[in-house]
Amino acid sequence: MKLVGIVGSAAKESYNRFLLKYIATEFGDLFELELLEVKDLPLFDQEATVTADSLINKYSDTIKAADGVIIATPEHNHTVGAALKSALEWLSYDVHPFNDKPVMVIGTSYYDQGTSRAQLHLRQILEAPGVNAITFPGHEFLLANAKDAFDEAHEIKDYRTVKFLEANLKEFKKFVKLIQRMDDEELVDDVAGASENADTAKAPVAPVTDKEIAADNEVDDVASASVDE
């Protein structure tokens, strides 16, 4: 399974980048994770055009080709960071790679509440028209006190936190497979429906004979007489 991890911070030293890199290394047996950086994208400009050779278009193609997406968001002033919001604007304006794409929201911050408010707002953004992602429900991973949560090698210290993260990732993998199976079943139904309609359209219609018309008229006469009696 191929997933994309979006680093939702523009900081050079980002704990959310540490988190995604840790996932890619520690849980590589579950899926392959390719990281995309929002810090490399320009500020969203509604009047600009997404060209074929732009980094925005390359990000869009990468997300479309992936089975699912994990977004690691920081929290600034009780919401997502400006760089992540700008990236999502780019990826929902001229291009729409998140459409029907399974997305998991995670995050870490310096404070006790983790990224609870930012994750709530991010889920609302992902459900907006133009984005239309299928957000993974529940199973929130909020890593608080980021400065103390990682060791010098940028690995999560607490064993229980690691196991909880693993449980969430395994559930997300199941969720991705469920969405894929639903898409496959819809495709099969569409193909079957199209085939049935084509067969119906091609089926020859037998002409009605004079004998059949006479027989129908005789039935109508008998029924009419019965009603009159």
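Read the figures in this text as sums done on the coordinates, not as results from a lab. Since we're looking at a predicted model, the values are computed, not measured. So basically every Cβ, Gly included, is an ideal-geometry build from the backbone, and we count neighbours across all protein chains shown.
Each Lys and Arg Cβ is given +1 and each Asp and Glu Cβ -1; about its Cα centre, segment 84-151 then shows a dipole of about 80 debye.
On average over all directions, what projected area in square nanometres does segment 39-180 have, based on the convex hull of its Cα atoms?
Across all orientations, segment 39-180 yields a mean hull projection of 9.2 nm².
When Rg and the Kirkwood radius Rh are both evaluated on Cα atoms of segment 4-50, their ratio Rg/Rh stands at 1.11. Here is the link list: K64/K163; K64/K157; K21/K101. Which ones come out longer than 32 Å on Cα distance? Pairs exceeding 32 Å: K64/K157.
Measuring from centroid to centroid over Cα atoms, what is the spacing of segment 124-168 and segment 4-23 in Å? If you average the Cα positions of each part, the centres end up 11 Å apart. If R0 equals 35 Å, the separation of the Cβ atoms of N145 and K174 corresponds to a calculated FRET efficiency of about 0.75. One compactness figure for segment 39-105 is 1.12, namely its Cα radius of gyration divided by 2.2 N^0.38 Å. Summing Cβ point charges (Lys, Arg +1; Asp, Glu -1) relative to the Cα centre of segment 1-109 gives a dipole of roughly 200 debye. Most tightly packed first, judged by the mean number of other beta-carbon atoms within 10 Å of their residues, the peptides 146-152, 71-77, 107-113 read 71-77, 107-113, 146-152. You can think of it this way: the chain between M1 and Q46 has 12.8 nm of extra reach, that is 0.36 nm per residue less the Cα-Cα gap.
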